[in-house]
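No lab work stands behind these numbers, since they all come straight from the coordinates. All figures in this text were calculated on a predicted structure; none of them were measured in a lab. When we count neighbours, we look across all protein chains shown, and the Cβ atoms used for this are built from the backbone with ideal geometry, even at glycine.
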DNA sequence: CCATTAATTAACGCATATGTTATATATATG
DNA sequence: CATATATATAACATATGCGTTAATTAATGG
């Protein structure tokens, strides 16, 4: 059944490559940890479909699951999101021209 | 035939979600613009297969194509890579804890 | 003009992904 | 204990993705 997680970058990108899953991740980042049922409205699909998207995200190492009675609470792993950012940042020489704009966004003093 | 590019974030993630395509992008970033033939060795697959991966990357807006005689020169669009970084960065509050480490990486004075 | 080089497109097979509905599992509750 | 609630898993149909080889297009060069 090969249910072992593969946290490789390509796998993480693939997981985020589905619009429904990207919406789930965005929702969990914006709202914080949520039970599976609360994610029902990110797309017009059945509960089992959502459940399987969550499984894909979990296997990619993007979200973690916590059990609370009959609920499964899902939360995005911050390190995983940071890993995506790191991939782009380690290629910073490449998009030099946009570097300063990005630095402004990153500045902790900003806002 | 619907060959129009869809530069949506999910589409870009999906394009990077294939190991061969991620290798192509990494190669083009590291080595600069290359003809399709020079990308042959990123994976043990046929030339048509590479060609189709390049088409996917092009439709996602990740790479651009320039014609030079019978060669097609491919190059990564820096803005597209930056866009991926921006997605993570606009969620910076989320991975706060890792912020300082990231800031060090981004620092233009570093190295 | 014919052969070579470079790359794409066509046609096809097969594996994986994604959706559905039905069923199972586990916890809570009257 | 019987039922409701929350979620996952099973079984299945269809779509999409990715590989192959063969054929096509286009430019170069003897």
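So the values come out like this:
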item	result
Debye log10 I(q)/I(0) for region B:9-106, one point scatterer per Cα, at q = 0.12, 0.18, 0.24 Å⁻¹	-0.44, -0.83, -1.23
Added length on full extension, which subtracts the Cα-Cα distance from 0.36 nm per residue, residue B:45 to residue B:75	8.7 nm
Distance between region B:44-69 and region B:6-28 - C-alpha centres, whole angstrom	11
Theoretical FRET efficiency, 1/(1+(r/R0)^6), r = Cβ-Cβ of residue B:66 and residue B:8, R0 22 Å, to 0.05	0.35
Other-copy label distances relative to residue A:44, 7 angstrom Cα-Cβ extension, nm	4.6
